[in-house]
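Participant: Submitted below is the structure of interest, expressed as structure tokens.
Nothing in this text is a laboratory measurement; each read-out follows from the coordinates by a stated rule. In this text, all values refer to a predicted model and were calculated from it rather than measured experimentally. Note: ideal-geometry Cβ built from the backbone for every residue, glycine included; neighbour counts use all protein chains shown.
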Amino acid sequence: MNVTIYTDGSARGNPGRGGYGVVLKSGVHFKEMCEGFRLTTNNRMELLAVIVALETLKFEQLTVHVYTDSKYVCEAIEKNWLNNWLRTDFKGKKNKDLWLRYHQIAKKHIVKFHWIKGHAGHAMNERCDELATQAADGKNLKIDHVYEQVQQAANNSNSSQKHPLF
């Protein structure tokens, strides 16, 4: 059984309000998904789109073709960066939480990535972009807890450096 997944992520301000859009196709079956977050990054949304799509699949060991305009996501897999990051416990790398989540779900399938140029008229990529931007601009945005915690820790660290305690 084959599944084709199209994904896109969006962030307004990067970091800023963000969202992802997904289109899944298998035979006559078709599904769209999207979700928005109040503070996140484009790369996190690009990666989360792939993760959520894979987590949606009801069966294991499917051949999955993922089409994305994210070189970050595509190259991390295709150029084996993820395996290097896993070996070094993501030293100096961002989005460890999402990459670990991706790594777990991807083991359940045969996943093949295909990079497509964004905003180049590819119908499914354009649809995913619409879904992602609508989600980012929507109401009732979710909280990207890990990202916001990392940002808060960075802000606290910067603030303590500006105001010495002695």
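Participant: Where the convex hull is taken over the Cα atoms of region 1-50, what is its projected area averaged over directions, in nm²?
Facilitator: With every direction weighted equally, the projected area is 3.1 nm².
Participant: May I ask you to derive the relative contact order of the chain, considering only C-alpha pairs under 8 Å and at least 6 residues apart, and to give it as an integer percent? Show your work: numbers first, answer last.
Facilitator: Values: 308 pairs, mean separation 55.1, N = 166.
Result for the chain is 33 percent.
Participant: Write out the GluC sites (Glu not before Pro) in region 9-63 meeting two conditions: DSSP loop, and at most 13 other Cβ atoms within 10 Å of their Cβ.
Facilitator: Filter output for region 9-63: GLU60.
Participant: For ARG87 and SER26, compute 0.36 nm times the residue count separating them, minus their Cα-Cα distance, and round to one decimal in nm.
Facilitator: Values: separation 61, 0.36 × 61 = 21.96 nm, distance 3.44 nm.
Contour length minus Cα-Cα distance gives 18.5 nm.
Participant: What chymotrypsin sites (Phe, Trp or Tyr not before Pro) does region 10-98 have in DSSP loop regions with at most 15 other beta carbons within 10 Å? Kindly include the intermediate steps, with their values, before the conclusion.
Facilitator: Values: sites: TYR20, PHE30, PHE37, PHE59, TYR67, TYR72, TRP81, TRP85, PHE90; in loops: PHE59, PHE90.
Answer by residue number: PHE59.
Participant: Let me ask you something else. In terms of Cα to Cα distance under 19 Å, which lysines are near enough to LYS91, apart from those fewer than 8 places away along the same chain?
Facilitator: LYS79
Participant: If I take the Cα coordinates of region 2-162 and project them onto the principal axes, what are the three extents in Å, biggest first?
Facilitator: In descending order, the Cα extents are 58, 38, 29 Å.
Participant: A further question follows. Quickly work out the ASP137-to-TRP115 label distance, labels modelled 7 Å from Cα along the C-beta direction, and quote it in nm with one decimal.
Facilitator: Label at TRP115, label at ASP137, 2.9 nm between them.
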